Amino acid sequence: MCRRKKRKRGPIACPCSSPGSRAPTPPPEPRRRPAWTGMGRAAPFCAAAGAEPRRRRPHRGWRSPPLAALLLLLLGLGGLPAGYCQQPTQCRIQKCTTDFVSLTSHLNSAIDGFDSEFCKALRAYAGCTQRTSKACRGNLVYHSAVLGINDLMSQRNCSKDGPTSSTNPEVTHDPCNYHSHSEAREHQGGDQSPPTYLFCGLFGDPHLRTFNDHFQTCKVEGAWPLIDNNYLSVQVTNVPVVPGSSATATNKITIIFKSHHECTDQKVYQAVTDDLPAAFVDGTTSGGDGEIKSLHIVEKVSGHHVEMHARYIGTTVYVRQLGRYLTLAIRMPKNLAMAYEESQDLQLCVNGCPVSERIDDGQGQVSAIMGQMLPRAALAPAWPGYTLETATTQCHEKMPVKDIYFHSCVFDLLTTGDANFTAAAHSALEDVEALHPRKERWHLFPSNGIGGLMGSSILSVSLRLVCLILVAFL
């Protein structure tokens, strides 16, 4: 039997048919199908640009491609030769996203001005997406970006109207923004390393953490300068807590933000016990002109917690009142903190307390807790109502890590009997976690404290025994 091949046009004679035989009538021509059905070799991109329109068959259960796959597709199409698939306008969502990443990659949430800079970058991102919205209609990446921008603006409380960032560093340079100064130096080929920040804190009895992370317990009764450089002056006044004891605590803080070019006039802030204002002494709450102030005060808890943010010098100051006394925490760029004259060397944050003002060279809390009274008899016995055990238990509830802040808490309870010092130590640690630039240095452990004192003695005895054994056997 002869097989016949079906063709779209005209009959074909069977090679095995007899002469003169008539070819059978071909079957009706089947419906024309699209040239590409999704299987086999794909037609070139835009191959159907000039093809006649065809009806699409409905698809059921269609799912949008994964975002990563779509991004790869966009990147692939971006590498096609010019003119390969010409379109009247091009979706530029990739360019918008790249610009946003470049504007925000250097930002640090721990630095003053982060929120305002991030909001400016978000507004620039939103404006870029609006300009390319027509060309990106139906683009999944574009619509995802728009939703993401709206979510971030809501999370950061960013207004839709306001200044925007520019990808040109020269345009974004703000003379009253310290972080902007460092970015400009990098752009001009200067110092490529990010600015180094230092932390200083004072709390409790009082306990001082210097810019070098040295921890000391001091007497320092009266007025003492914590910081005194070309940009900032901070002075504290300490008064006795318990009669007959060297224990003192801070009841007055004076902060002077010195005038700086066109950024701000000199501003003075002063806090005393039971008067923690949310304004400078002149009644203002900010310094500098323009919508974004170069210096401003934020009241976190009325009468108990105030923050000062000085954008022009990249400095943040926290002041708290806990019980009857005040605490202080400061973060400042290293190059500004160290900008002072030779005559300004008496700064507790820089050089620590004078030796004559230290309680047992910073180990006073260890002597008190261990029951070893100081030779100078400057420290009163433990306050009635608190023993080492009860003080340790109360401090451990607030501070589970037995670091220097925990030991300071125990020391303060034993020397003053004031439970508010527990909250002061806990708040001081919270300020460290908020302002100190190096997380690995948040918790300091007393190498010369309880563990260190006992551990060093045990280690010394152990080493001597080892040496004696080695000598005996050699």
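The listed residues are 401, 317, and the only one of them that is at pLDDT 95 or above and either under 27 Å from the mean Cα position of the chain (by Cα) or under 22 Å from residue 444 (Cβ atoms) (or both) turns out to be 317.
Let's see how each residue does on (1) part of a loop (DSSP other than H, G, I, E, B); (2) over 22 Å from residue 433 (Cβ atoms); (3) small (Gly, Ala, Ser):
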position	(1), (2), (3)
284	yes, yes, no
296	no, yes, no
303	yes, yes, yes
318	no, no, no
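Condition first: over 20 Å from the mean Cα position of the chain (by Cα) and modelled with pLDDT of 80 or more. Can you find one or more residues in segment 152-159 that meet it? For segment 152-159, residues over 20 Å from the mean Cα position of the chain (by Cα) and modelled with pLDDT of 80 or more: present. A search for C-beta distances below 6 Å between a residue of segment 409-435 that is free of Cβ contacts under 8 Å to residues at least 12 places away in the same chain and any residue that is in a loop (DSSP other than H, G, I, E, B) and open to solvent by 10 Å² or more (accessible area, probe 1.4 Å), counting only pairs 6+ apart in sequence or on different chains, returns 433/442. Does residue 283 satisfy the criteria of being touching a residue at least 12 places away in the same chain (Cβ under 8 Å), in the same structural domain as residue 319 (by the TED database), open to solvent by less than 90 Å² (accessible area, probe 1.4 Å) and more than 19 Å from residue 250 (Cα to Cα)? When the stated conditions are applied, residue 283 does not pass them. Pairing each residue of segment 139-154 that is within 10 Å of residue 122 (Cβ to Cβ) with any residue that is open to solvent by 40 Å² or more (accessible area, probe 1.4 Å), provided the two are 6+ apart or on different chains, yields C-beta distances under 8 Å for 153/160. Reported count of residues in segment 77-122, each being more than 35 Å from the chain's Cα centre (by Cα) and either modelled with pLDDT of 85 or more or part of a helix (DSSP H, G or I) (or both), is 1. Considering segment 398-428, and only residues there that are assigned to a helix (DSSP H, G or I) and open to solvent by 20 Å² or more (accessible area, probe 1.4 Å), the residue that is nearest to residue 239 (Cα to Cα) turns out to be 420.
The values are calculated or read from the model by the stated rules, or taken from the named source; none is laboratory data. From a predicted model like this one, the values you see are computed outputs, not experimental measurements. Ideal geometry is used to build each Cβ from the backbone, glycine not excepted, and the neighbour counts take in all protein chains shown. Ligands, DNA and RNA are stripped out before the accessible areas are found, and what is left, the full protein with its side chains, is counted by its heavy atoms. Shrake-Rupley method; radii C 1.70, N 1.55, O 1.52, S 1.80 Å.
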